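The values are calculated or read from the model by the stated rules, or taken from the named source; none is laboratory data. Keep in mind the model is a prediction, meaning the values are calculated, not measured. In this analysis, Cβ positions are derived from the backbone assuming ideal geometry, glycine residues included, and neighbour counts consider all displayed protein chains.
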Amino acid sequence: QTDARVAAARLATDERRVAVAESQRELLEVRLQDMVVRAPYEGRVVTRHSEPGEWIKPGEPIVTLVSSGRIEAWLNVPERYSQSIDQQRVSVVATGVPDPIEPLSTKVVSDFDVRTRTFPLVLTLDDQQGRLASGMSVGAWLPVGKYEHRLAVPKDAVIRSGRTAYVYKAVDQQGSTLAVQTPISIAYETGDAMMLAGGDLSEGDRVVVEGNERLLPGMPITVAVPAENRLSADRQYVTADKR
């Protein structure tokens with residue numbers, strides 16, 4: 001019986017030692033996992049704060065990482081648009097990037113700034129080509145009114161004279177093409193186009209975008225329509241030369 005009690009005590013001691021060893025092993029595994037630093041997102045290393053073999057203390061920076069995939073753009077939107085903003089039709093314009101960028105997603109942050117009377121609108125952009133960088137300034141076109149169809153003409157087609165604006169429409173008459181001066185009413189500008197509030201233009205009309213500053217009303221012209229300028233069935237932009 002004495003030998004049995006001694007053996008049982010030794011077994012209990014060994015089991016406690018095994019439990020302690022298991023706890024130490026689990027702790028070491030956690031520490032080992034903590035030593036592997038994984039990037040929280042796709043990006044490029046722009047600054048190294050340490051070298052291989054160097055001891056790093058907890059909380060010290062290792063690298064500075066800049067996103068190269070998805071990137072967030074934060075916009076401050078006036079409070080008067082908080083209820084009318086259409087998050088599905090936002091177009092972002094960034095300095096140095098020629099084409100507008102359509103966001104992958106949008107969200108409104110409930111953090112109203114009482115000083116500027118604005119609220120943050122966060123846009124997630126796809127930047128696989130690396131055109132954007134942290135700290136760049138961006139703007140956006142935010143539709144806040146009702147959706148409506150309007151005719152658009154390129155800015156190059158519009159000629160201003162005082163408070164009036166007009167374009168030259170290419171009109172075929174008796175085998176010739178004439179430059180017809182056509183007054184327009186501009187609603188607003190967007191990108192490189194003018195959205196019209198009224199005028200004598202219709203879908204399918206051709207307007208002159210190059211050489212129009214040298215034209216006179218009714219002047220015969222020859223028309224060249226570059227393929228890249230035929231944007232859609234209702235937007236035909238032409239260049240013109242006097243004859």
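Total residues in segment 141-189 satisfying the condition of being at pLDDT below 85 and among the polar types (S, T, N, Q): the figure is 1. What number of residues in segment 71-99 are under 12 Å from Asp127 (Cα atoms) and surrounded by fewer than 16 Cβ atoms within 10 Å (Cβ to Cβ)? Matching residues across segment 71-99 total 2. Among the residues of segment 132-180, the ones that are surrounded by 16 or more Cβ atoms within 10 Å (Cβ to Cβ) and polar (S, T, N, Q) come to 1 in all. Annotation note: Cβ proximity below 8 Å between a residue of segment 195-207 that is β-branched (Val, Ile, Thr) and a residue that is not in a strand (DSSP E or B) (sequence gap 6+ or interchain) occurs for Val207/Ala157; Val207/Leu201.
Summed over segment 61-114, residues that are farther than 18 Å from Tyr41 by Cβ and touching a His at 6+ places or on another chain (Cβ under 7 Å) total 0. Is segment 30-47 home to any residue that is among the basic types (Lys, Arg), assigned to a loop (DSSP other than H, G, I, E, B) and either touching a strand residue (DSSP E or B) at 6+ places or on another chain (Cβ under 9 Å) or under 30 Å from Ala140 (Cβ atoms) (or both)? Within segment 30-47 (the criterion being among the basic types (Lys, Arg), assigned to a loop (DSSP other than H, G, I, E, B) and either touching a strand residue (DSSP E or B) at 6+ places or on another chain (Cβ under 9 Å) or under 30 Å from Ala140 (Cβ atoms) (or both)), the answer is no, since none of the residues qualifies. When Leu65 is tested against (1) at negative phi; (2) assigned to a loop (DSSP other than H, G, I, E, B); (3) surrounded by 12 or more Cβ atoms within 10 Å (Cβ to Cβ), only condition (2) is not met.
With respect to the conditions (1) in contact with an Asp or Glu (Cβ under 8 Å, 6 or more places away or on another chain); (2) in contact (Cβ under 8 Å) with a residue 40 or more places away in the chain, Met219 falls short on a single one, namely (1).
With respect to the conditions (1) within 15 Å of Met136 (Cα to Cα); (2) small (Gly, Ala, Ser); (3) modelled with pLDDT under 85, Ser84 falls short on a single one, namely (1).
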